[in-house]
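S.K.: Below is one structure. I have some questions about it.
The values are calculated or read from the model by the stated rules, or taken from the named source; none is laboratory data. Nothing here was measured: the structure is a model prediction, and the numbers come from that model. As a convention, Cβ positions derive from the backbone with ideal geometry for all residues, glycine included, and neighbour counts pool all protein chains shown.
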Amino acid sequence: MAQEPIEKLNRAEALILQGAQQLKQAALDFGMQFAQTLRQDIQILMRQLQESLIQGDKACIKQYCVDLQSKLNELNQQMRQYSTFKYD
């Protein structure tokens, strides 16, 4: 049973790293102006999730993980659409 909370924390930390990598890739591939508002939202959620991990706030960790994953999915979708539009 103690394994499950540790796995959730590890997943949250991995999501923060994934977010950082995705933001970097978006900036490199499409420039700093690409999806600027969405990228700012992701940065805020990453900070909030990191703070929740430090504080051990399980409810906030869970919610921020869901919100961050949703925003990362949205960024992925925009990157794919832009790539398709750019190269068509």
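S.K.: In the list 72, 49, 45, which residue meets the criterion of being touching a residue at least 12 places away in the same chain (Cβ under 8 Å) and under 19 Å from residue 5 (Cβ atoms)?
M.R.: The unique qualifying residue is 49.
S.K.: Let me ask you something else. Could you list, in sequence order, all residues of segment 35-52 that are farther than 12 Å from residue 15 by Cα, at pLDDT 95 or above and in contact with a helix residue (DSSP H, G or I) (Cβ under 6 Å, 6 or more places away or on another chain)?
M.R.: 38, 39, 41, 48, 52
S.K.: Where residues in segment 61-84 are modelled with pLDDT of 95 or more and of a type in the set (D, E, K, R), which of them is farthest from residue 19 (Cα to Cα)?
M.R.: Ranking the qualifying residues of segment 61-84, first place goes to 62.
S.K.: Residue 54 passes all but one of (1) free of Cβ contacts under 8 Å to residues at least 12 places away in the same chain; (2) more than 18 Å from residue 76 (Cα to Cα); (3) surrounded by 10 or more Cβ atoms within 10 Å (Cβ to Cβ); which number fails?
M.R.: (3)
S.K.: Can you tell which of 6, 44 is among the hydrophobic types (A, V, I, L, M, F, W, C) and within 15 Å of the chain's Cα centre (by Cα)?
M.R.: 44
S.K.: Here is a further query. Would you mention how many residues in segment 1-35 are polar (S, T, N, Q) and assigned to a loop (DSSP other than H, G, I, E, B)?
M.R.: 1
S.K.: Just checking, which of 18, 48, 63 is farther than 23 Å from residue 85 by Cα and touching a Phe, Trp or Tyr at 6+ places or on another chain (Cβ under 6 Å)?
M.R.: Exactly one residue qualifies, and that residue is 48.
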